[in-house]
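The values are calculated or read from the model by the stated rules, or taken from the named source; none is laboratory data. Since we're looking at a predicted model, the values are computed, not measured. With ideal geometry, Cβ positions are generated from the backbone for all residues, glycine too; neighbour counts draw on all protein chains shown.
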Amino acid sequence: MPNSTLSTCLRRLNSNTLQTALMVIFIVAASVGLSVWLFWRSLYLPELKNHATYIAGELQLIERIRQEYGSNSDLQAWLSTNTPLQIVENPSEFPNVTDKVVADFFTDILATEASQALGRPVYVYFKFKPTPMLWVQDSQNPDIWLQEPVVHYSQYSPALLALFLLGLPLMTLAIIFLLVRALNRPLKRLEKVASDYILTGSATHLPTNLGSNEIRQVNTAFNHLFHTLHAAQKERTIMLAGISHDLRTPLTRMRLIAEMMDDDFVKEGLIYDIEDMDAILEQFISFMKDGSDESIRPTDLDSICREIMVQFQEVRFIYHKEITGDILLRPLSIKRLIVNLVNNAVRYGLEPIHLVCQLLSKEALPISVPSHDFGDELLLICVKDEGAGIDESQLERIMQPFERGETARTTQGSGLGLAIVARIAKLHNGIVQIINHPAGGLQVCVYIPLIDAPSDT
């Protein structure tokens with residue numbers, strides 16, 4: 001399950017919509033951050049420093065007046081009238097200093113600058129309610145607080161600031177996300193049509209009268225492409241049928257002529273060669289007919305396996321299945337795959353032939369199977385013989401067309417049997433694993449991810 005979740009996350013990260021959204025998020029965040037930084041460095045920070053200098057000057061003035069005139073009520077009244085600072089000497093009116101994360105950032109700057117100007121500690125505290133008020137205390141005169149109404153702070157509405165810092169970027173992201181999604185919707189539709197074509201061999205006609213001109217042109221091109229591919233598949237089918245008919249006819253005549261020959265030795269040799277040519281022709285045609293034009297439908301795999309065992313009735317099988325119900329497959333292609341595996345095991349291995357068909361979870365995959373983008377569940381078709389196996393250096397090579405193992409060169413065949421298996425497995429988005437089984441014999445396993453029924457839309 002963690003691997004499946006990781007794969008899903010990686011697929012989403014590769015999504016064009018998400019990548020565009022992340023890019024826009026970065027651009028908007030960088031723009032807002034740069035704007036805030038420029039506002040802070042060029043406007044707000046110099047204003048704070050100037051205000052700190054002003055506060056330090058006022059504190060010096062009050063200190064000098066108190067040194068020269070003492071506690072003069074008339075002088076204090078004059079200070080309250082002619083300066084924005086108000087002297088508070090009643091302890092009951094002193095502010096209850098508490099930490100404020102945001103406000104402390106600004107007041108610490110004021111306190112630091114004022115302390116540097118005076119040469120002694122100065123404490124600054126900001127109180128929002130009932131009105132924005134700046135409280136200042138000189139460490140040399142701890143018995144008094146100075147308060148200053150900060151009227152211009154009230155002009156900065158918290159809602160306005162939140163709209164600028166959060167609302168505007170979020171609104172921009174939402175608009176960009178909707179636009180990107182609208183632009184990517186035709187691409188997703190195109191992807192789905194292409195996937196359905198791969199799975200079913202048929203494609204839904206894409207609309208050519210909707211969307212932008214570019215999308216219409218792409219849809220028109222893809223419709224033409226699907227039509228061309230479909231026509232090519234039909235021509236290939238007709239050509240293969242013609243080749244099969246035109247070549248088998250002279251082979252049949254040759255076999256009849258051979259049957260009428262008096263020399264048994266020559267007759268047996270000719271019949272063997274004719275049968276070999278017929279088998280090679282059959283494999284060529286089977287290789288060319290990869291099954292891509294065959295539709296996917298519910299398939300009873302157990303019935304197919306039992307039919308194959310009847311076909312090879314002289315062969316001793318050990319059959320193991322763990323499948324109930326039908327599976328969405330190309331039945332003829334899968335039957336051809338199993339027949340080739342069984343035929344390969346019978347021809348080059350020893351009996352009994354082990355045939356396994358079962359469903360596996362992704363977590364239950366053997367460690368030796370290479371990493372693959374499987375779903376949560378997959379089909380396992382495995383055929384194993386009791387022979388000697390083959391050399392480890394030939395395991396990968398025998399999957400290639402016209403490649404045969406050293407032990408198979410003296411027998412009939414064209415080297416296409418396992419290549420056809422690999423091609424059919426790839427058609428089902430599966431993989432083929434060939435190993436020499438530890439208990440002896442060659443084991444060929446095909447892992448095919450289960451698919452859902454393709455939708456009509």
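Here are some notes:
- Filtering D74, D99, D108 for residues that are in a helix (DSSP H, G or I) and at pLDDT below 80 leaves a single hit, D74.
- Among residues of the stretch 101-135 being in contact with a Leu (Cβ under 9 Å, 6 or more places away or on another chain) and among the hydroxyl-bearing types (S, T, Y), the one that is farthest from L85 (Cα to Cα) is T107.
- Within the stretch 111-132, restricting attention to residues that are surrounded by fewer than 16 Cβ atoms within 10 Å (Cβ to Cβ) and among the charged types (D, E, K, R), the residue that is modelled with the highest pLDDT is R120.
- Subset tally (residues that are surrounded by fewer than 17 Cβ atoms within 10 Å (Cβ to Cβ) and in a strand (DSSP E or B)) for the stretch 300-318: 1
- Failed item, numbered, when T208 is tested on (1) surrounded by 13 or more Cβ atoms within 10 Å (Cβ to Cβ); (2) hydroxyl-bearing (S, T, Y); (3) modelled with pLDDT under 75: (3)
- Long-range neighbours under 9 Å by Cβ, at least six apart or interchain, first residue without any contact (Cβ under 8 Å) to a residue 60 or more places away in the chain within the stretch 418-438, second polar (S, T, N, Q): A422/Q400; I434/Q443; N436/Q443; H437/Q443
- Count of residues meeting criterion [in contact with a Lys or Arg (Cβ under 8 Å, 6 or more places away or on another chain) and either closer than 21 Å to E386 by Cβ or surrounded by fewer than 14 Cβ atoms within 10 Å (Cβ to Cβ) (or both)] in the stretch 320-348: 1
- Qualifying residue in the stretch 319-334 (condition: in the same structural domain as A388 (by TED's automatic domain parsing), in contact with a His (Cβ under 6 Å, 6 or more places away or on another chain), at pLDDT 75 or above and outside any helix (DSSP H, G or I)): no
- T220 vs. criteria at pLDDT 75 or above, farther than 29 Å from K426 by Cα, part of a helix (DSSP H, G or I) and among the β-branched types (V, I, T): no
- Any hit, the stretch 135-147, residues being at pLDDT 75 or above, under 34 Å from the mean Cα position of the chain (by Cα) and either surrounded by fewer than 17 Cβ atoms within 10 Å (Cβ to Cβ) or farther than 29 Å from N90 by Cβ (or both): no
- Within the stretch 118-147, the residues that satisfy the criterion of being aliphatic (A, V, I, L, M) and part of a strand (DSSP E or B) are V122, V124, M133, L134, V136, L146.
- Test: residue in the stretch 251-267 that is closer than 26 Å to A439 by Cβ, out of contact with any strand residue (DSSP E or B) (no Cβ under 7 Å at 6 or more places or on another chain) and either modelled with pLDDT of 90 or more or not in a loop (DSSP other than H, G, I, E, B) (or both): no
- Every test in (1) of a type outside the set (G, A, S); (2) modelled with pLDDT under 75; (3) outside any loop (DSSP other than H, G, I, E, B) is passed by E63 save one, and that test is (2).
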